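Shown next, in C-alpha cells, is the structure this report addresses.
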Amino acid sequence: MAGEEPEHLTQAARCQAQVDPLAALRAPGDPPWDVYLTGTVFLDIVFTGLDSAPVRGTESWARGMGSSPGGVANMATALARLGLRTSLAAAFGDDHYGEYCWDALARGEGIDLAPSRSVPGWHSPVTVSMAYEGERTMVSHGHEPPPEEPAPDFPPRARAAVASLAPGKRSPWIAEAARAGTRIFADVGWDETGAWDLAALPDLGHCEAFLPNAAEAMRYTGADCPRAAAHALTEHVPVAVVTLGSDGAYAVDRRTGESAEVPAIAVEALDPTGAGDVFVAGFVTGTLAGWPLADRLALAGLTAALSVQEFGGSLSAPGWSEIGAWWRRVQSVPGQDPEALRRYGFLEGLVPEELDRPWPLRRAVPTIGFGRSA
C-alpha cells in the first residue's frame with residue numbers, strides 16, 4: 001500500500017537506512033518505489049594493495065581482496081543506502097555467483113528484485129578489478145542474456161529512474177516511464193563510434209537530468225571548457241551536471257536559472273570502483289528531496305569521496321551512518337575553514353546524533369561463502 005514501508009525491507013536494510021530523506025514528502029497515492037533502474041549485475045572481484053600495474057610475464061601479489069555485486073548493483077546499493085526505496089530489473093545467472101549477488105541485494109540491502117529474473121543455464125558476468133595508484137584496471141567476462149531479459153516493457157511506478165544512455169540505442173522503457181511521470185536521470189559512457197552526436201542519444205529528450213563527465217560533456221557539445229559544456233547541454237535537457245574529477249562538479253538548472261559548483265573533497269583513494277554511480281545516487285537523493293542545486297552537488301560529491309576510501313563498488317557505498325560520522329569528524333578538526341563547513345551545514349538537521357558510528361560500516365568480503373561482515 002502506498003505510504004507504507006515495502007514488505008521486502010529486511011531488518012538489516014532498515015537499520016542501515018535509518019534516515020528517510022523523503023519522509024516529509026511521502027503521501028498516500030505515491031509510487032511504491034522512489035527509484036527504478038535496470039542493467040547488468042556483475043560479480044566484482046577487486047584486488048587492492050598493488051604497488052603498481054601488473055607487468056607482463058610476472059606474478060603480482062595483492063595485499064587486499066574483496067567480492068561484491070557490481071555493475072548496476074553499484075547504483076542500486078548506493079540508492080538504497082541513502083534511504084530510497086529502490087527497484088531493480090536485472091538478469092541473474094542461476095550459478096552460485098548469481099545466488100550470492102541476489103541475496104546480497106535483496107536480503108542485505110532491501111532492494112526490490114521483483115522485476116528481476118534468474119536465467120537458467122546463464123552464468124553470471126564477472127569483472128576482476130585491480131586498484132593501484134588511485135586508478136583501476138578491469139578484466140570482464142560474460143555472455144549476452146536472452147533478449148527478453150531483464151527490462152520489462154512497463155516498468156513499475158517510481159518517482160525517478162536512472163538510465164545509462166548509449167549512442168544509437170533506444171530503450172523503450174525510458175519513454176514509457178517518463179510518460180508515467182517518472183523523472184529520468186541519465187549518465188553516458190564513452191562514445192566508441194567517435195561521433196559524439198547528441199542526436200544519437202534518442203532517449204535524452206525524456207530525461208530531466210544528464211550527468212556526463214567533463215571529457216564527455218565537451219566532446220558532445222564542442223565547448224572548450226566543462227562549465228560552458230554544462231550550459232550548452234541545457235539546450236537539450238533541463239538539468240546538466242558535469243563532473244570535474246579532482247575539481248568537483250558543476251551543474252546548471254535551466255528551469256530555475258540556478259548554477260552551482262562544489263569542489264571535490266580531498267581523500268586518499270583506495271579504489272574508485274563505483275564512485276560515479278555513488279555520485280549519481282547522491283544527486284538523485286537530493287533532487288527527490290527538493291534540495292537546492294548546490295546541496296545536491298555537495299551530497300553527491302561527499303558520498304562519492306567516502307566510497308573511494310574502501311574497496312569494492314557496491315559495498316563501499318556509504319549510508320547515513322558514514323555520512324554522519326564524517327560530518328561530526330570534520331567539525332572537530334582544529335582550524336577547519338568555516339566557509340567549507342557551511343557548505344555542508346544542511347547535514348546538521350538531517351543526520352541524527354545516534355547514527356554517529358565509525359565508518360566504514362562494512363567491507364566487501366574476501367571470499368564468497370564467508371557471509372557479510374557487520
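The values are calculated or read from the model by the stated rules, or taken from the named source; none is laboratory data. Note that the coordinates shown come from a computational prediction; the quantities given were computed from them, not determined experimentally. Cβ sites come from the backbone with ideal geometry, for glycine too, and all protein chains shown count toward neighbours. Note: accessible area is taken over every heavy atom of the protein model, side chains too, but ligands, DNA and RNA are not part of it. Shrake-Rupley method; radii C 1.70, N 1.55, O 1.52, S 1.80 Å.
Worth pointing out:
- Point-to-point label distance, Glu99-Leu25, nm (Cα→Cβ direction, 7 Å offset): 4.0 nm
- Normalised per residue, the volume of the convex hull around the Cα set of region 62-108 (Å³): 98 Å³
- Accessible surface of region 91-217, 1.4 Å probe, proportion on carbon and sulfur as whole %: 52 percent
- The phi torsions of region 56-68, fed into the Karplus equation with coefficients 6.51, -1.76 and 1.60 and a -60° offset, translate into couplings of 3, x, 10, 10, 10, 10, 9, 7, x, 8, x, 10, 6 Hz, rounded to whole numbers, with Gly and Pro shown as x.
- Dimensions in Å of region 173-273 - Rg and Dmax from alpha carbons: 14.2, 43
- In summary, region 150-189 shows an alpha-carbon radius of gyration equal to 1.10 times the 2.2 N^0.38 Å reference for compact globular proteins.
- Region 100-146 versus region 285-309: alpha-carbon centroid distance in Å: 25 Å
- Spacing of the modelled spin labels on Ala114 and Met65, each 7 Å from Cα toward Cβ, amounts to 3.9 nm.
- Gyration tensor verdict on region 112-245 (Cα atoms; rounded if a/c is under 1.5, prolate if a/b is larger than b/c, oblate otherwise): oblate
- Phi to ³J(HN,Hα) by Karplus 6.51 cos²θ - 1.76 cosθ + 1.60 over region 203-217, Hz, x for Gly, Pro: 7, 4, x, 8, 8, 8, 9, 10, 10, x, 7, 4, 5, 5, 4
- At q = 0.13, 0.16, 0.17 Å⁻¹, base-10 log of I(q)/I(0) for region 47-167 (Debye sum, equal scatterers on each alpha carbon): -0.64, -0.90, -0.98
- Probe 1.4 Å - accessible area at Met218, Å² to nearest ten: 60 Å²
- When Rg and the Kirkwood Rh are both derived from Cα coordinates, the Rg/Rh ratio for region 26-78 amounts to 1.28.
- Other-chain or far-sequence residues with amide H under 5 Å of Val41's (modelled H): Val72, Ala91
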